[in-house]
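Only one structure is covered here, and it is reproduced in the block below.
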Amino acid sequence: MPSLLSKRHKVEDLDAVEFCFQQGWTDGLPVIPPTEDRVVAMLKAAGLEPNDHVGAIENRAVAVTAEKVALNAVMAGCRPEYMKVVVAAVQAICDPAWGYHGPGTSTGGAAVLMIVNGPVVRELDINSGDNLFGPGWRANATIGRALRLVMRNVAGSKPGLLDRGTLGHPGKLSYVIGENEVTSPWTPLHVERGFRKEQSTVTILAADAPHQFYNQLSNTAEGILTTCADDMRISGNVMGQPQYVLILAGEHMRTIAADGWTKAEIRKFVFEHTHNSHEHLKRTHRMAGAIQPGDDTRMRPLVAAPEDILVVAAGGEAGAFSAYIPGWASKRSSQAITKVVK
Amino acid sequence: MELLDPTVEQPAQAIDFAPRPKSLSGKRVALIENTKYNSDRLLEKIGDILKREHGVAEWKVFHKHNAGVPAHQEIIDEVKASYDLVVAGIGD
């Protein structure tokens, strides 16, 4: 392997972890010091050379090399075998349709939600079950952290400087889930998006925090999704029509599937039941202008089309809860992107 | 211990500003709107003031695709060909 190209720092009088803090390289938590042997192991595991081009963010005038991705993956605490997933995620944030300069900087405070599909979920023990968004799984905690460190250290999205999120949310530390393809009765997300079941993929969405909804009463698909739509109808950037992710966890998944509903039918139902009247949007100061005759029956859908609701089976087997996640801003500004894990 | 630097060293970019005109009289002004709510209304008012109080010959509002991207090539081409000045504004 050719030698690494990054600038080197001799650290003698200071703890290496403390040195990383002082350099402004961390997200506020301690990092693994990026030494040459660790970075080389990361590159080798993904079959990459240091200077391999991973992606470019045109509006930031930044090119991302494999070496910089590996360095930040080391610091995040990734095992070398996670590197290929981090690389796919970096390629996704470089996609012009994701529009880095928006979600990478915006006051809207988006995190990068990452949904992993395919065999790599089991191979790397990426959690798709209990405590889906919580702590406890190294892959979930470190893969998303690595991506965020790349955004900070390579693309310049430093909180308070270029990253000006007014509130942000905890998902900005790491926001990685797997889809539960083992007990899910439905077509996996990546297959719906045109990939083969045996391929592994990463789908990213610039996203708000998850909103958990409760339905511990209903034993029908329609009942659960009526609750979901009622919770979801006024959420996120209501007027922006972003994309959404709908996470259906074990109990709800089984109830909805028992009624024979497919993901397409779920999307259609939720789409049709999340319209808002112009009267309501104007009265609640979300839509500009005075209320006009007929505004109570003039409807605006929450998302532009049913396909803008990405349905994912994930979460614990027990508990009558699921969640929806509003995308950041609008689909016009940023779209979900899927890349293959190679 | 020797650590590798995870950041990129950005090459310094020198940007030359176009010389400011001595007068706005008779100039053509491009107003670049970023799609944020009310930014078009604000720029239209600015255009009217420039015309009424500073003798600007004409103004036109150009709309970006969205707030997170630079002005696209068609805007840049038309502004270069037909306008003397640019006002880029945000509404937020």
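The values are calculated or read from the model by the stated rules, or taken from the named source; none is laboratory data. As the structure is a prediction and not an experimental result, all values here were calculated from the model. No Cβ is skipped: glycine too gets one built from the backbone with ideal geometry, and neighbour counts run over all protein chains shown. Ligands, DNA and RNA are excluded from the accessible area calculation, which covers all protein heavy atoms including side chains. Shrake-Rupley method; radii C 1.70, N 1.55, O 1.52, S 1.80 Å.
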Quiz item: Looking at region A:1-33, which of its residues are more than 8 Å from chain B (Cβ to nearest Cβ), over 18 Å from A:G77 (Cα atoms) and touching a residue at least 24 places away in the same chain (Cβ under 8 Å)?
Solution: A:M1, A:P2, A:S3, A:L5
Self-check item: Per-region count, region A:176-201, residues out of contact with any His (no Cβ under 9 Å at 6 or more places or on another chain), open to solvent by less than 30 Å² (accessible area, probe 1.4 Å) and farther than 21 Å from A:A257 by Cβ
Solution: 1
Quiz item: Within region A:47-57, can one find any residue that is within 9 Å of chain B (Cβ to nearest Cβ), at pLDDT 95 or above and open to solvent by less than 60 Å² (accessible area, probe 1.4 Å)?
Solution: no
Quiz item: Which residues, taken from region A:10-39, are over 23 Å from A:L173 (Cα atoms) and open to solvent by less than 30 Å² (accessible area, probe 1.4 Å)?
Solution: A:V11
Exercise. Would you check if there is a residue in region A:292-308 being open to solvent by less than 10 Å² (accessible area, probe 1.4 Å), touching a strand residue (DSSP E or B) at 6+ places or on another chain (Cβ under 9 Å), within 28 Å of A:N131 (Cβ to Cβ) and part of a strand (DSSP E or B)?
Key: no
Self-check item: Selected residue [β-branched (V, I, T) and farther than 23 Å from A:V176 by Cα] from A:I234, A:I247
Solution: A:I234
Quiz item: Quick one: which of B:E74, B:E78, B:E33 is away from chain A (no Cβ under 14 Å), farther than 30 Å from A:E18 by Cβ, open to solvent by less than 80 Å² (accessible area, probe 1.4 Å) and modelled with pLDDT of 95 or more?
Solution: B:E78
Quiz item: Just checking, how many residues over region A:63-77 are open to solvent by 10 Å² or more (accessible area, probe 1.4 Å) and within 9 Å of chain B (Cβ to nearest Cβ)?
Solution: 3
Quiz item: Does B:L43 fit the bill of being touching a residue at least 40 places away in the same chain (Cβ under 8 Å), among the aliphatic types (A, V, I, L, M) and more than 12 Å from chain A (Cβ to nearest Cβ)?
Solution: yes
Self-check item: Any chance A:E265 is surrounded by 15 or more Cβ atoms within 10 Å (Cβ to Cβ), away from chain B (no Cβ under 14 Å), of a type in the set (D, E, K, R) and closer than 21 Å to A:F213 by Cα
Solution: yes
Practice problem: Could you grab the pairs with beta carbons closer than 7 Å, sequence gap of 6+ or different chains, first residue in region A:316-339 and within 14 Å of chain B (Cβ to nearest Cβ), second one aromatic (F, W, Y)? | Solution: A:G327/A:Y244; A:S334/A:W98; A:S334/A:W328; A:Q335/A:W98
